[in-house]
Amino acid sequence: MGDRGGGCCPPMDLFRSEAMQLVQLIIPMESAHLTVSYLGDLGLIQFKDLNSDKSPFQRTYAAQIKRCGEMARKLRFFKEQMLKAGFSPSAKSLGETNIGFDDLEVKLGELEAELVEMNANGDKLQRGYNELLEYKLVLQKAGEFFTSAQRSATAQQREMESQQMGDQTLETPLLHEQETTTDLSKQVKLGFITGLVPREKSMAFERILFRATRGNVFLKQVPAEEPITDPVSGEKMEKNVFVVFYSGERAKNKILKICEAFGANRYPFAEDLGKQALMITEVSGRISELKTTIDAGLLQRDNLLRTIGDQFEQWNLKVKTEKSIYHTLNMLSLDVTKKCLVSEGWSPVFATKQIQEALQRAAFDSNSQVGAIFQVLHTRESPPTYFRTNKFTSAFQEIVDAYGVAKYQEANPGVYTIVTFPFLFAVMFGDWGHGICLLLATLYFIVREKKLSSQKLGDITEMTFGGRYVIMMMSLFSIYTGLVYNEFFSVPFELFGRSAYACRDLSCRDATTVGLIKVRDTYPFGVDPAWHGSRSELPFLNSLKMKMSILLGVAQMNLGIILSYFNAIFFRNSLNVWFQFIPQMIFLNSLFGYLSFLIIVKWCTGSQADLYHILIYMFLSPTDELGENQLFPGQKITQQVLLLLALVSVPWMLLPKPFLLKRQHENRHQGQSYAPLESTDETLLSVANNDSHGHDHEEFEFSEVFVHQLIHTIEFVLGAVSNTASYLRLWALSLAHSELSVVFYEKVLLLAWGYNNIIILIVGIIVFIFATVGVLLIMETLSAFLHALRLHWVEFQNKFYEGDGYKFYPFSFALLDDEDD
């Protein structure tokens, strides 16, 4: 349930969930708000919704919820504006430490109105500033075009005049005067439009102009050197300055519509050069004035946002708190006098005194003449599950809860997961060099956990940080199993003494162990270094890891069946003890428990017996002599007895329980209309037991019960075989991890070392590091983690864990920080 447990909890806090009680609170209206607030600070009661038949708008405090929602919207608006301005709210609030809810509502409204007005004025000024920048660019570019055109026209006119003067005759003046008079009468006044068009639309703009006017326009475009901020959209884009010459009002109207369709901004322009210079000067002055005004407005806006940011977290928490209080009050029902609120909820038994003290304090602080009434209700409803965890145990509990939340008072696998999960991971990951790397990475998160816990981390980093203590345990167990395997990045070391073996002669030094003889005492801890690097390493370690996987699997499955016995005893279910626990223990240990015993005997005696042959012919030919496969006296009789017990345990699981359940049901409903009252604990335990079987409150169907028991029996018998085989993944992944380590060491690092070239050596070291980190420390870690997870969820927990409960979610202000806005 999170980290609210404070210090380290004793194991029994995890083995069974906390004892829960259904309580009823009768709270006077005048102290209701303060009472719920104090209970939120306490965080030890889960309220039930007594108004589930009402819509949110029909509830008592719907108006207050709406006010809180509006205030939350304003705070989100402030946060968006702060992020847009380039800074985030201050983590520590400054200013007033205690502001009333109504005062905060008024203040947020005033600040929003002020900020909205500033934004509107700023946007208006910025748009005008961008328009003036575009206008100045049009004046400059179009002015250059007109100046160039005027110079060209003047030069052409002078050239024509000089030619005419050279060809003059006596008749020339009269003819020239007549032509001039005719030309002036035929001249048409040309108009023009100037502006900017997006460069990506300029070609289409030009084509549409010519098509619409049938070519009766002249278009001149000049690209702007730098991107320009568009006054309408506010986005930077590349544009072209254009000048369109046209003739006639009809053409002008067409051009204006085309400009509007293409988003081309138009600006006025004068032909006279003197007016152009005057306009440029005037526009430049207005740009300078607007720039000063905009900067002053931005400074004022930033100061306002920083003032808001200094108190943002306090205001945000205040609004969240008030909203959660009113949401909780809406779950309470009004009594008939409408002077009190009635609430029901679940709380741990140990919290009774703390809740009563909170109620008394709220009545005193609110000056209420009547205090709240606290009473425990008797119910047959199944309580929620609550485990007190701390920062170390919470991650392991989350691993279990991801499969399913424990039923009330059900045996919790989380206690054993703290040890078994990292150990099974380490069996697959065993290498003390890789374990040290994992440990160093985890210590970084643990040392800096106070700082990192207050920061927003990425999804993967957040997940890694949350499981830092799980990874720490995984790395410590990996160092231990790595020492057992004697592997440091696949390299063996003589850490605990010298090898017990030596070569008889030089011929056995590199290739095989055939020439090895034992010259010293057995290597004191783990695998002897002499076995590494030899051709006999693979079958020896294969046999060791495979048999060890079977031993670990059978041991953990036995633990699961033992926990099912504890559940049956705790819930007073004698049928499960006699017809589930005992036959399951007999069946599992008659076969696989016996196999584990044979493995240990073979290790101790050094026998060459074939265990596969023994186990197979124990079924096929139980009366045959064992011969060289006999490991101890009386083995044949023992195997026959165990085989008989295994066969008897199957009908033992299947047949008696359905008939006994039918008999219990008939006795329970035969002439029994009344039953004695039970205490709260007895009631809750009986509810938890009855919910798991479901035969008390509905018609008993013998066929359904029998089929259910048949499925359960078949599932266990087949599961005992498949689950045992599934534990062989410990052997497979351990072998794969070891072989990958050997490949990276020999084929990358040693190969690069053999070239006697510093560049090749550096490249080889870099490749080795990246391969080790990427494949062995990340991918292999994830793979071993997932396989250990599967072994716990499927092979271990299915023996006893139902996981059909629901979590205890108390009303707590401490959980508000984890919730999204």
Got a number for residues in segment 477-501 being open to solvent by less than 80 Å² (accessible area, probe 1.4 Å) and touching a residue at least 40 places away in the same chain (Cβ under 8 Å)? 15
Can you name the condition, by its number, that residue 713 falls short on among (1) hydroxyl-bearing (Ser, Thr, Tyr); (2) within 26 Å of residue 437 (Cβ to Cβ); (3) over 35 Å from the mean Cα position of the chain (by Cα)? (2)
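Can you tell which of 610, 624 is open to solvent by 50 Å² or more (accessible area, probe 1.4 Å), within 16 Å of residue 638 (Cβ to Cβ) and not polar (S, T, N, Q)? Show your work before the answer.
Numbers: 610 fails: within 16 Å of residue 638 (Cβ to Cβ).
Result: 624 is the single residue among 610, 624 that is open to solvent by 50 Å² or more (accessible area, probe 1.4 Å), within 16 Å of residue 638 (Cβ to Cβ) and not polar (S, T, N, Q).
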Can residue 806 be described as outside the structural domain of residue 320 (by the TED database) and in contact with a Pro (Cβ under 6 Å, 6 or more places away or on another chain)? yes
If you go through segment 129-151 one residue at a time, how many are among the β-branched types (Val, Ile, Thr) and crowded, with 19+ Cβ neighbours inside 10 Å? 1
If we keep just the residues of segment 765-821 that are closer than 27 Å to residue 21 by Cα and in a helix (DSSP H, G or I), which is modelled with the lowest pLDDT? 818
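Return yes or no: is residue 596 of a type in the set (Ser, Thr, Tyr) and outside any helix (DSSP H, G or I)? Even if it seems obvious, please write down each step before you answer.
On the way: of a type in the set (Ser, Thr, Tyr): yes; outside any helix (DSSP H, G or I): no.
Here the answer is no, as residue 596 does not meet what is asked.
Does segment 602-618 include one or more residues that are closer than 25 Å to residue 649 by Cβ, part of a helix (DSSP H, G or I) and touching a Phe, Trp or Tyr at 6+ places or on another chain (Cβ under 7 Å)? Please lay out each step first, then the result.
So the first thing to find is which residues in segment 602-618 are closer than 25 Å to residue 649 by Cβ, and the list is 611-618.
Among the residues that remain, those that are also part of a helix (DSSP H, G or I) are: 611-618.
Among the residues that remain, those that are also touching a Phe, Trp or Tyr at 6+ places or on another chain (Cβ under 7 Å) are: none.
The answer is no, given that none of the residues of segment 602-618 is closer than 25 Å to residue 649 by Cβ, part of a helix (DSSP H, G or I) and touching a Phe, Trp or Tyr at 6+ places or on another chain (Cβ under 7 Å).
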Answer yes if at least one residue in segment 740-754 is touching a strand residue (DSSP E or B) at 6+ places or on another chain (Cβ under 7 Å) and either in contact (Cβ under 8 Å) with a residue 12 or more places away in the chain or open to solvent by less than 30 Å² (accessible area, probe 1.4 Å) (or both), and no otherwise. yes
Among 14, 104, 50, which is assigned to a loop (DSSP other than H, G, I, E, B) and modelled with pLDDT under 95? 50
Residue list for segment 323-354, restricted to those being open to solvent by 10 Å² or more (accessible area, probe 1.4 Å), in a helix (DSSP H, G or I) and not hydroxyl-bearing (Ser, Thr, Tyr): 323, 327, 349, 350, 353, 354
Could you list all residues from segment 653-672 that are closer than 19 Å to residue 714 by Cα and open to solvent by less than 80 Å² (accessible area, probe 1.4 Å)? 653, 654, 655, 656, 657, 658
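Restricted to segment 191-219, and to residues that are among the basic types (Lys, Arg) and either farther than 20 Å from residue 131 by Cα or outside the structural domain of residue 250 (by the TED database) (or both), which residue is most open to solvent (accessible area, probe 1.4 Å)? Steps first, answer last, please.
Start the filter on segment 191-219 by keeping residues that are among the basic types (Lys, Arg), which leaves 199, 201, 207, 211, 214.
Right, trim to either farther than 20 Å from residue 131 by Cα or outside the structural domain of residue 250 (by the TED database) (or both) and you get 207, 211, 214.
Numbers: 207: 124, 211: 174, 214: 212 Å².
Filtering segment 191-219 for residues that are among the basic types (Lys, Arg) and either farther than 20 Å from residue 131 by Cα or outside the structural domain of residue 250 (by the TED database) (or both), the one most open to solvent (accessible area, probe 1.4 Å) comes out as 214.
Condition first: in a strand (DSSP E or B), open to solvent by 30 Å² or more (accessible area, probe 1.4 Å) and out of contact with any Asp or Glu (no Cβ under 9 Å at 6 or more places or on another chain). Now tell me which residues in segment 228-246 satisfy that.
So the first thing to find is which residues in segment 228-246 are in a strand (DSSP E or B), and the list is 228-229, 236-237, 239-246.
Among the residues that remain, those that are also open to solvent by 30 Å² or more (accessible area, probe 1.4 Å) are: 229, 236-237, 245.
Result: 245, single match.
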Of the criteria (1) within 52 Å of the chain's Cα centre (by Cα); (2) assigned to a helix (DSSP H, G or I), which one residue 225 fails: (2)
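Confirm whether residue 120 is open to solvent by 30 Å² or more (accessible area, probe 1.4 Å), outside the structural domain of residue 362 (by the TED database) and not β-branched (Val, Ile, Thr).
Values: open to solvent by 30 Å² or more (accessible area, probe 1.4 Å): yes; outside the structural domain of residue 362 (by the TED database): yes; not β-branched (Val, Ile, Thr): yes.
Criteria met by residue 120.
Residues checked against (1) of a type in the set (A, V, I, L, M); (2) within 14 Å of residue 50 (Cα to Cα); (3) at pLDDT below 95:
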| position | (1), (2), (3) |
| --- | --- |
| 333 | no, yes, yes |
| 336 | yes, no, yes |
| 341 | yes, yes, yes |
| 362 | yes, no, yes |
| 366 | no, no, yes |
| 369 | no, no, yes |
| 372 | yes, no, yes |
Considering only residues that are closer than 14 Å to residue 136 by Cα and either in a loop (DSSP other than H, G, I, E, B) or not assigned by the TED database to the domain that holds residue 237 (or both), which ones fall in segment 250-287? 268, 269, 270
Segment 517-562, subset within 30 Å of residue 722 (Cα to Cα) and open to solvent by 70 Å² or more (accessible area, probe 1.4 Å), residue modelled with the highest pLDDT: 540
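Could you tell me how many of the residues in segment 41-58 are among the hydroxyl-bearing types (Ser, Thr, Tyr) and open to solvent by 50 Å² or more (accessible area, probe 1.4 Å)?
Kept after step one, since they are among the hydroxyl-bearing types (Ser, Thr, Tyr), are these residues of segment 41-58: 52, 55.
Going one step further and asking which of them are open to solvent by 50 Å² or more (accessible area, probe 1.4 Å), we end up with 52.
Result for segment 41-58: 1.
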Only one of (1) open to solvent by 70 Å² or more (accessible area, probe 1.4 Å); (2) more than 30 Å from residue 73 (Cα to Cα); (3) among the hydrophobic types (A, V, I, L, M, F, W, C) does not apply to residue 255, and that is (1)
May I ask you to verify whether residue 581 is out of contact with any strand residue (DSSP E or B) (no Cβ under 9 Å at 6 or more places or on another chain), in a helix (DSSP H, G or I) and surrounded by 15 or more Cβ atoms within 10 Å (Cβ to Cβ)? yes
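The values are calculated or read from the model by the stated rules, or taken from the named source; none is laboratory data. None of these values were measured; they are calculated from a predicted model. Using ideal geometry, Cβ is built from the backbone for each residue, glycine included, and neighbour counts are taken over all protein chains shown. Areas reflect the complete protein model, heavy atoms only, side chains present, ligands, DNA and RNA absent. Shrake-Rupley method; radii C 1.70, N 1.55, O 1.52, S 1.80 Å.
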